[in-house]
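These notes concern the structure reproduced below.
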Amino acid sequence: MTEQTAVETEARTDRPVVDFDHNAEEHAKDPVASYRRLRSEGPVVWTESWGGYWVLSGYDAIFDAARDDEMFSSARSPHGGEGQAILIPKRPITEHFPIDLDPPASMPYRRIMNQLLTPSRVEEMRPMVEKYTALFIDDIIESGEADFATLTGIPSIITIDWLSLPVEDWRRYSFAHRKVLSAPLGSPEYIKVTEEELPALTEKVKEVIAERRRNPGDDPISFILGHEIGGRPITEEEVLNMVDLIISGGVGTVASLSGQALEWLSAHPDVRQRLIDNPDLMQNAVEEFLRFFSPTQALARTVGQDADFHGVKVRKGDRALLAWSSGNRDAAGGFDNPDEVDIERMPNRHMAFGVGSHRCAGSHLGRLMARTILTQVLERMPDYKVDHANVVRYPRQGVNTGFDRLPATFTPGKRLLGERL
Amino acid sequence: MPKVTYTSAAGDVSVLDGNAGDSVMEIAVRNGLPGIVADCGGSLACSTCHVFVREEDLEVLEPMSDLEDEMLDGTTEERRYNSRLSCQLKLEGDVHVYVETPESQV
Ligand code: HEM
Ligand code: FES
């Protein structure tokens, strides 16, 4: 025991230690500056926060780590506590497949996800995405003012309806997914959402899965239920593991991306006007907003074996944070002027959807939702103005960036559709 | 050394040299060719490295795995008989292959 501790201490003296905590208020104030400082210290550095972890902030280091599932595992393990390994600190939530597994175990689930979310399937969802976005804007357009933080509602209702879960619950999903990210850890609101509301919603999902097992339909849950894992039928619990990941993967990220782009465009009217005049630029602009804002800032892995990695000695069991957002601002990623928004940037090999075998399975849907929201807001509220002085960001920006309040005003307009939300 | 000729949907031609063991995707990305996005870095997780291979080059390439076949059902531009994912096309020796890149990868 003593010997082992001695060895560990010795190895740790090699470690380039920095003072850093991605969950701290200090970091949340200016994540971009915080990662710029880390990159100047080295592409891979060590912090003692949360029991200690490596921070990968250089493009190449993040890329190499994310491409090597054996060396940088996303599976659950005893290292660093109980719970989901892609988070530091770990969170003891429902298992999520495929993200909580490494290849080859992850692959059967990933293949089902891939089939569910191909460009052609997502294209079939376009009318629904456009309708809900229009309904949502209808809901606010007559008043001339709105809180764009409630944009979470759009990906919520789309995801819930697509999955054929009870649509009337969308406000609960929207609220819960925002509060999980914005309420202070340990606050009564946070405890209520994580210990009561989300588990209650999970129970409902379980009921729907059981019901679809009995009466399969033409919906994603029935589609997943129709598959086998290693020659046996997929279990209802495994379906839940996948559905819960779909719900939690797409709602906050899309709202964050759209909200940050809207805030930035309000402050940059020249670019906004260019997008209004040339809607064809929107697709490329969304790629640039993904790079620039990186809605999912950083996710973690566990080191699988002792090795030399980008100039440091990592050890089996070490935790490591892969900062996609930092890679996206690193000139080594081939980005000229990485701290500037260039809506025509090309090529743009950003890491906002991750890299490697777990690279976002929902990217086509995420892009469609974000593009639709931005396009419709620019069409219907072309003069909207964000009240920048009263914007409130999430108190933690280490994993997900986004807004608790994003107040805006605009010239009131007319409803488009007869129905209402 | 392997060589690849890439023709874009608009007809722009780039002839690029690679090293033994490089994939058609890696050679493109290293040279900043815009027609191949390769979001996932070669893990068969994104289908954004789609290419159309010149017919006579199809048989010099490694055969397609089941997963590549499935991922080809998820490309933005519809797959054709000569579609491949370029991250899976590792080149050895002095081959020269010709590929076309689709109009859009995302
Ligand atoms: C702009 C929006 C989005 C962003 C920025 C984003 C970001 C990410 C990132 C960074 C990962 C990689 C996780 C890792 O490597 O540890 C990921 C994985 C994933 N995302 Fe997204 N995502 C978005 C939208 C969506 C949507 C709309 C869905 C669902 C419909 C979705 C479903 C998933 C799933 C299922 C995975 C796990 C894939 C796997 O483990 O193989 N995402 N996402
Ligand atoms: S680079 Fe992602 S599948 Fe080829």
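The values are calculated or read from the model by the stated rules, or taken from the named source; none is laboratory data. Predicted, not measured: the structure shown is a model, and the values here were computed from it. Neighbour counts are summed over all protein chains in view; Cβ atoms, including those assigned to glycine, are modelled from backbone coordinates with ideal geometry. Quick note on the areas: whole protein, heavy atoms, side chains included, nothing else; ligands and nucleic acids left out. Shrake-Rupley method; radii C 1.70, N 1.55, O 1.52, S 1.80 Å.
If I filter segment A:135-148 for residues that are assigned to a helix (DSSP H, G or I), among the small types (G, A, S) and either within 21 Å of A:K179 (Cα to Cα) or at pLDDT 95 or above (or both), do I get at least one hit?
no
Taking the criterion of being within 25 Å of A:Q283 (Cα to Cα), more than 14 Å from chain A (Cβ to nearest Cβ) and surrounded by fewer than 21 Cβ atoms within 10 Å (Cβ to Cβ), would at least one residue in segment B:15-24 satisfy it?
no
Quick one: which of A:V377, A:V355, A:V391, A:V341 is more than 16 Å from ligand 2 (Cβ to nearest atom), of a type in the set (A, V, I, L, M, F, W, C) and buried (at least 21 other Cβ atoms within 10 Å of the Cβ)?
Sole residue among the options that is more than 16 Å from ligand 2 (Cβ to nearest atom), of a type in the set (A, V, I, L, M, F, W, C) and buried (at least 21 other Cβ atoms within 10 Å of the Cβ): A:V377.
Does A:P119 satisfy the criteria of being within 16 Å of ligand 2 (Cβ to nearest atom) and at pLDDT below 95?
yes
Please verify whether A:D69 is within 16 Å of ligand 2 (Cβ to nearest atom), closer than 24 Å to A:S326 by Cβ and in contact with a Phe, Trp or Tyr (Cβ under 9 Å, 6 or more places away or on another chain), treating the condition exactly as stated.
So A:D69 does not fit the description; no.
Any idea which residue in segment A:39-63 is most open to solvent (accessible area, probe 1.4 Å), counting only those that are within 14 Å of chain B (Cβ to nearest Cβ) and touching a helix residue (DSSP H, G or I) at 6+ places or on another chain (Cβ under 8 Å)?
If we take residues in segment A:39-63 being within 14 Å of chain B (Cβ to nearest Cβ) and touching a helix residue (DSSP H, G or I) at 6+ places or on another chain (Cβ under 8 Å), then A:D60 is most open to solvent (accessible area, probe 1.4 Å).
From (1) surrounded by fewer than 18 Cβ atoms within 10 Å (Cβ to Cβ); (2) at negative phi; (3) not basic (K, R), pick out the condition that doesn't hold for A:L117.
(1)
Can you tell me which residue in segment A:129-156 is nearest to the other protein chains (Cβ to nearest Cβ), limited to those that are touching a helix residue (DSSP H, G or I) at 6+ places or on another chain (Cβ under 8 Å) and open to solvent by 40 Å² or more (accessible area, probe 1.4 Å)?
A:E130
Enumerate the pairs (first residue in segment B:55-76 and more than 14 Å from chain A (Cβ to nearest Cβ); second residue anywhere and in a helix (DSSP H, G or I)) with beta-carbon separation below 9 Å, excluding pairs fewer than 6 apart on the same chain, so at least 6 apart or on different chains.
B:L61/B:V24; B:L61/B:Q88; B:E62/B:Q88; B:M64/B:L72; B:M64/B:Q88
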